[in-house]
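Engineer: Dumping the structure here so I can ask a few things about it.
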Amino acid sequence: MPQQAHPDRRRHRRRAAGVVRLAGAAAVALAACGAPAQVAAPPPDAPSPAHEALSFFEGAWTTTDATTADPFQETCGWLAGGRRHMVCRSRWADGGRPREGLSIFSIDATSGDVLYHGFRAGGAAVLMRGRPAGAPGRGWRFEAERGDGAARVRTRVTI
């Protein structure tokens, strides 16, 4: 007859197995992200000129090609608690169907680029990098690319 493990040992084995499963799940999640998460340094007390340049996006926006049937409206403001991220909520119509999105403008501390993260209610997510276009405070140019070979798509947006 097999010998039974002491109840404390069985509990320890179950706990150890749970830790191994949790570590494995964390490794899979990190691998799926494609890169380790970076922790941003806390913002300094003094205003950052790079971050203050994001004030360009503050306020209400529309596009010149918006129509009554397919309107576009976006409102942008600073994320509460610090002037480090500009958060924008957009609403528009596509063929009369209402659409909604959330965008966040931030500064990449390594390169100084403006990072644009766009999220659409339908599940799409966009990452673009931008720099001032022309004279300071006069506009921005954002670029992104995805895919390989014949399926490669490059995007450029000038604001």
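Engineer: Going through the range 85-159, which trypsin sites (Lys or Arg not before Pro) have at most 15 other Cβ atoms within 10 Å and a DSSP loop state?
Structural biologist: ARG138, ARG152
Engineer: First measure r as the distance between the Cβ atoms of ARG131 and ALA66, then evaluate 1/(1 + (r/R0)^6) with R0 = 41 Å and state the FRET efficiency to the nearest 0.05.
Structural biologist: With a Förster radius of 41 Å, E is 0.95.
Engineer: For the range 53-130, what does the accessible surface come to per residue with a 1.4 Å probe? Please give it in Å².
Structural biologist: Per residue, the range 53-130 has 59 Å² of solvent-accessible surface.
Engineer: Still on this structure, please answer the following. Can you compute the modelled spin-label distance between GLU58 and ARG138, with each label point 7 Å from Cα toward Cβ, in nm?
Structural biologist: 2.3 nm
The values are calculated or read from the model by the stated rules, or taken from the named source; none is laboratory data. As the structure is a computational prediction, the values presented were derived from the model and not from experiment. For neighbour counting, all protein chains shown are included, and Cβ atoms are generated from backbone atoms with ideal geometry for every residue, glycine included. All accessible areas refer to the heavy atoms of the entire protein, side chains included, with ligands and DNA or RNA removed. Shrake-Rupley method; radii C 1.70, N 1.55, O 1.52, S 1.80 Å.
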